[in-house]
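Undergrad: The structure follows.
The values are calculated or read from the model by the stated rules, or taken from the named source; none is laboratory data. Note that this is a predicted model, so its numbers are computed, not measured. Here the Cβ positions follow ideal geometry from the backbone for every residue, glycine too, while neighbour counts run over all protein chains shown. Surface accessibility is based on the protein's heavy atoms, side chains included, excluding ligands, DNA and RNA. Shrake-Rupley method; radii C 1.70, N 1.55, O 1.52, S 1.80 Å.
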Amino acid sequence: MKKATPAVAFCFLANQLLSREAWARARLEGFRGQSFEVRMPFLGPLRLQVGEGGRIEEGGVDPAAIVGVGGVTGSTALADELRHLARHLRPDVAEELSKIFGDVAAERMVGAAGGFLRWQADAARRLAEALADFAIEERGVLVRRAELADLAARLRDLEARLERLAQRADRLA
């Protein structure tokens, strides 16, 4: 029995999804022995590989692709295949969790995870706004777009006036 690690948990969930999708396992079978890395927030990188029957296993060397929150990176055939699978496989997380924890607990876990992700996004947005306000209002390091546009318009006006003044000086000379 394997030790419960994030990589083992990821493999379990990925293989649960793949167990219902024979076409996806068949596509992955051609990449047997190749590895990829999964990078998720709050976890270290998970090194995984394609095993027998298109199953996902822990381990591997030199990843041919990196899978992250933003998508799949890499220019290998495995990276292309993982991008294809990411577009076409749609896991029902609540369904998968309900097999382990039951329907009510699964729905609550999915709801809590969604709330947590929304909270994270809101906190990041508010922090960015607060930092921008501090940099603009308190430190004067940054300038608001409207103020910058106003300054640019004033500079264009000043430049036009200077040009007219230079023309007048040329006519007088």
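Undergrad: Could you tell me which helices of the chain pass both thresholds, a Cα extent of 15 Å or more along their own axis and a mean Kyte-Doolittle hydropathy of at least 0.0, with helices taken as whole DSSP H runs?
TA: Details: long enough: 6-19 (19 Å, 1.41); 77-88 (17 Å, -0.47); 103-133 (45 Å, 0.05); 145-172 (40 Å, -0.60).
Helices meeting the span and hydropathy rule in the chain are 6-19, 103-133.
Undergrad: Which trypsin sites (Lys or Arg not before Pro) in the range 55-163 pass both tests, a DSSP loop state and at most 16 other beta-carbon atoms within 10 Å? Kindly include the intermediate steps, with their values, before the conclusion.
TA: Numbers: sites: Arg55, Arg83, Arg87, Lys99, Arg108, Arg118, Arg125, Arg126, Arg139, Arg144, Arg145, Arg154, Arg156, Arg161; in loops: Arg55, Arg139, Arg144.
Within the range 55-163, the qualifying trypsin sites (Lys or Arg not before Pro) (loop, at most 16 other Cβ atoms within 10 Å) are Arg139, Arg144.
Undergrad: Continuing with this model, one more query. Tell me the carbon and sulfur percent of the accessible area for the range 41-173, rounded to whole percent, probe radius 1.4 Å. Don't jump to the answer; show the numbers that get you there.
TA: Values: 5800 of 10010 Å².
Accessible surface attributable to carbon and sulfur in the range 41-173 totals 58 percent.
Undergrad: Kindly state, to the nearest 0.05, the FRET efficiency for Arg27 paired with Arg90, given R0 = 22 Å and r defined as their beta-carbon distance.
TA: Details: r = 16 Å, r/R0 = 0.71.
E between Arg27 and Arg90, to the nearest 0.05, is 0.90.
Undergrad: Calculated from the structure, Cα Rg over 2.2 N^0.38 Å equals which of [x] 1.78; [y] 1.34; [z] 0.99?
TA: [x]
Undergrad: Find the accessible area per residue for the chain; the probe is 1.4 Å, ligands and nucleic acids are left out, and the unit is Å².
TA: On the way: 12490 Å² over 173 residues.
I get 72 Å² per residue for this part.
Undergrad: For a label point 7 angstrom out from the Cα of Val141 toward its Cβ, which stretches of the range 112-129 have the backbone nitrogen within less than 16 Å?
TA: Flagged as within label range: 127-129.
Undergrad: Which shape class, rounded, prolate or oblate, goes with the range 15-73 when its Cα gyration tensor gives a ≥ b ≥ c as root eigenvalues, a/c under 1.5 marks rounded, and past that a/b bigger than b/c marks prolate? Walk me through the numbers on the way to the answer.
TA: Details: a/c = 1.96, a/b = 1.51, b/c = 1.30.
Because a/c hits 1.5 or more and a/b exceeds b/c, the range 15-73 counts as prolate.
Undergrad: While we're looking at this one, here's another question. Kirkwood Rh, Cα Rg: Rg to Rh for the range 82-137?
TA: Numbers: Rg = 17.6 Å, Rh = 14.0 Å.
When Rh is taken as the Kirkwood radius, the ratio is 1.26.
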